[in-house]
Amino acid sequence: MAARDSTAKTPHRHGRLFVLDGANIAYRAFFALPENISTSTGFPTNALYGFCMMAMKILNEYRPDGVIVAWDSAEKTFRHVEFEEYKAHRKPMPDSLSLQWPYFEELAAAFGFVNLCAPGWEADDILATLARQADAEGRELVIVTGDRDALQLVTEHVGVMASTRGVTEVKMYDPKGVQERYGIPPRLVPDLIGLKGDTSDNIPGIPGIGEKTAAQLLAEFGSLEAVFENLDRVKGDKRRELLREHEAVARMSKGLARLDRDAPIEIHRAEVAPHRIDRQVLRELFVRFEFSTLIDRLNQLPTVGDESGAVGTAEAADDMPDTHAAWEFHEVGRDGLAREIPWKERLGVAIQTGDAGERLWLVEGPVERARARVVGLAADLEGPLRELLRRGPRVCHDLKGSPGLRDLLAQADHDTFLAGYLLDPGRRSYDLWELSSEARVSVRRGEGPLAAAAEAAAVLGLAEVQEAELRSQGMWRLFQEVELPLTRVLADMETAGIHLDCYRLGEITAKLQDQMEGLEDAIHTLAGGEFNIGSTQKLGEVLFERLALPPQRKTKTGYSTDAKTLEALRGSHPIVEKLLTHRELSKLLSTYLLALPAAVDPKTDRLHTTFHQTVASTGRLSSSDPNLQNIPVRTTLGAQIRECFTAEEGNLLVVADYSQIELRIMAHLSQEPTLLEAFERGEDIHLHTAAEVFDVDEEAVDSTQRRYAKAVNFGIMYGI
């Protein structure tokens, strides 16, 4: 194992074990990543996010045969007995890290890692003991830590993956790498620390002796003890005097730096064999911590060790059947279309996109057959293909979201993407391979043409499992008669788009910019001078130093000036109200007034948003690129922006809405008398609830009370 660049990937080697210094990685992540990484409720998650990033890097790039996470124990160690000041200078754990701490071991276990702690021993000693055991067995072991004292453990069998910057940028050290970095072999690292000290652990060392000098002395004499045995040969009177005066401290420091290789632990191969990655638990934790980007990457994790035995990556377990080897591949042209393609049974369909254009791949079901029929079709067969596909059932994944599959919208009878949503609407990702793995569909991923063929086969197998589940849960009619047809309607809506009056929007933009300029002048006057309103640091200085307003909380970079802080300061100074207004207008300007015209098709003056039916767990639709559903309703400016969406000449823009449909369903299912009576009398149910909650006549209910009552009604329904 050679020292290598942090971007290099080490190939998988059988028998290799990874051991993580849990606390070190957690602390490093906490201080390396921004403190504002948190949930929408303000719960800090930066350290947890960094830990997950490192875990996923190790699993994806190194494919270990087992992972252990070593944790410090709460009890004092022998080092505290030998030196009372050991680590005494360290500050208490920051509050925001303390809040995250209980979740690290849970995350590690969900990744399939083994958590290990020995009372009275540091994690470093667990690393050292495991390194000794690995050496004795001749087994490869990689230690993952940011502490350089672990370099003393490096041998031909034991390497150290040391963090260089941030969380996931690393450098691999073998004996040669340690020698090149410090000029000494790994065994002399404790001697080096004995001479130079270690500020992170409060190990004193010798004042005035730095890393370079210490390394030179050890290279010349061979050990710390040998340095003191040959003091007369040490060059420099001052250096000799320092060494002589602090000899006892240096020897003690070396003892503190030496890792104990005899912690009371014993790990057997079976205990650290590849454990199952619990994707469901990981997904639940990622949803709780709002790690949306990591949720999307769950499907990239290797599935070796999964209980299902399903394989979702090209590097699959050796005992999986080679599904590709059993396939018969055909590529046909127009003449062989009707003759070669089966249509009496279901067809799995997938698109291969490449430099040569698109190619459609069809797989005849069921997948369990000994030999599957796989047919590739050139894209220029659209007409005959449409005719052929009308004859038999078709199965695809994410019809609307895949441009190459949209042509099949009218014919497809199953969409595994949409079915995955119906069966588990709380998920954040409906990746085909992740769903297939969980459904125990035994199809390997492939490369090139094989990738699309494998996708078609996976879709076919997954559809069979999903159909059985949908039928058993009474949702098959909902899927066939509502959700699938809705997909086709949404696709048509996306294609048609909606007309936007860009001229009118431009007039509103010009007025808003004038209003913002006036606000900025007023803010600068109240602040006593000009400053960059958009700069958090400058705004913090103005509010809390120049104007002496009470600071609410501090971040690593200075005072917090987020929305929560400004809301807390509302009424304490006139500048706060103007800042809040400025932020609101600035958001509307950037999000809508400037962004919407840029997204318009210049040929048609129409916006083409994307509608999502698999995002909200309640079944509601959402839109993106651009989001047309979050334009403010209750503000004057929001209403003006909405008026810019118009019908072209000769058309009408119709606004239609169900009358409290969810509440009517709830009234029917619950048979709650008050709700039923209110609906039967044609009353406004939110108004009725407000009168009940606030104990006033319905005529006296104001808009705020009705809004609160609406929240109560929907809160009860959705279990908030």
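Here is how the numbers come out for the structure above:
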item	result
Nearest-10 value in Å² for the accessible area of T674, using the 1.4 Å probe	60
Reciprocal mean inverse distance between Cα atoms of segment 171-292 - Kirkwood radius, Å	17.4
Charge dipole (segment 568-683, unit charges on Cβ, about Cα centre) - positive-most of L676, M666, I641	I641
DSSP bridge orientation in segment 104-175 - percent antiparallel, rounded to nearest 5	50
For segment 139-240, share of DSSP beta bridges that run antiparallel, in % to the nearest 5	55
Solvent-accessible area of C117 with every protein chain in place, 1.4 Å probe, in Å² to the nearest 10	70
Positive-end extreme of charge dipole, segment 541-612 - chosen from S586, Q552, P597 (charges on Cβ)	Q552
Using a Förster distance of 22 Å, the FRET efficiency for A711-T635 (Cβ separation, nearest 0.05)	0.70
Given K212/K235; K400/K710; K171/K212; K171/K554; K176/K196, the pairs whose alpha carbons are separated by over 26 Å	K400/K710; K171/K554
In Å², nearest 10: area of V158 left accessible to a 1.4 Å probe	0
Dipole magnitude of segment 514-628, debye to nearest 20 (Cβ charges: Lys/Arg +1, Asp/Glu -1, about Cα centre)	540
Kirkwood hydrodynamic radius of segment 411-534, from inverse mean 1/r over distinct Cα pairs, in Å	19.3
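The values are calculated or read from the model by the stated rules, or taken from the named source; none is laboratory data. What you see is a predicted model; the values in this text were computed from it and never measured. Cβ sites come from the backbone with ideal geometry, for glycine too, and all protein chains shown count toward neighbours. The protein model used for the area step is the full one, side chains on, heavy atoms only, and it has no ligands, DNA or RNA in it. Shrake-Rupley method; radii C 1.70, N 1.55, O 1.52, S 1.80 Å.
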